[in-house]
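Peer 1: A single structure is presented below for examination.
The values are calculated or read from the model by the stated rules, or taken from the named source; none is laboratory data. Computed from a predicted structure; not experimentally measured. Positions of Cβ are generated from backbone atoms using ideal geometry, with glycine treated the same way; all protein chains shown enter the neighbour counts. Please note that ligands, DNA and RNA were not included when accessible areas were found on the heavy atoms of the full protein model with its side chains. Shrake-Rupley method; radii C 1.70, N 1.55, O 1.52, S 1.80 Å.
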Amino acid sequence: MPNDALTARLARCREINISVTGRKSGRIISNPVWFVLDEDKLYLLPVQGSDTQWYKNVLKNPSIRIGAGSVEAELTAVATDGTQVSSVVEKFSDTYVASDVRK
């Protein structure tokens with residue numbers, strides 16, 4: 001994710017907007033989400049795990065648009081392997097209130 005303006009903006013945000021394509025409707029759907037930037041990887045945490053609608057949409061069509069303030073970028077999402085989920089959740093616990101992340 002080598003976009004300096006985006007990286008700088010992400011460093012000042014706690015929440016970003018993502019836009020995904022609805023897997024059934026085909027419409028663009030936007031949602032605010034928490035994120036963690038770890039080197040060149042941007043992790044997004046679906047609040048309801050694999051039942052989260054935007055997550056299900058990303059599995060069908062991994063093209064997403066993210067917005068952090070006035071900076072936007074088109075990215076391709078990659079679902080984290082199930083064995084890595086606990087380390088990703090730990091990254092979120094370091095940034096956000098741990099009890100909210102566990103929910």
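Peer 1: Around Leu45, which amide H atoms from residues at least 5 apart in sequence, or from another chain, sit under 5 Å from its own amide H, with H modelled in the peptide plane?
Peer 2: Under 5 Å from the amide H of Leu45 lie the amide H atoms of Trp34, each far enough along the sequence or on another chain.
Peer 1: Taking a probe of 1.4 Å, how large is the accessible area per residue of the chain, in Å²?
Peer 2: Solvent-accessible surface per residue comes out at 65 Å².
Peer 1: With Kirkwood's inverse mean 1/r over C-alpha pairs for Rh, give me the Rg to Rh ratio of the chain, two decimals please.
Peer 2: Taking Rg over the Kirkwood Rh, I get 0.94.
Peer 1: Something else now. Computed over the Cα atoms, what is the radius of gyration of the stretch 1-50 divided by 2.2 N^0.38 Å, N being its residue count?
Peer 2: With N residues counted in the stretch 1-50, Rg over 2.2 N^0.38 Å equals 1.29.
Peer 1: For Gln53 paired with Val89, estimate the spin-label separation in nm (one decimal), with each label point 7 Å from Cα along the Cα-to-Cβ line.
Peer 2: My value for the distance between the label points is 2.5 nm.
Peer 1: Determine the share of the stretch 12-84's accessible area contributed by carbon and sulfur atoms, expressed in whole percent, with a 1.4 angstrom probe.
Peer 2: Exposed carbon and sulfur together represent 46 percent of the surface.
Peer 1: To continue, here is another question. Sequence neighbours fewer than 8 away in the same chain don't count; with that in mind, list the aspartates and glutamates whose C-alpha is under 19 Å from Lys91.
Peer 2: Hits, sequence-local ones excluded: Glu15, Asp38, Glu39, Asp40, Asp81, Asp100.
Peer 1: Going highest first, how would you order 38-44, 54-60 by mean Cβ packing within 10 Å?
Peer 2: 54-60, 38-44
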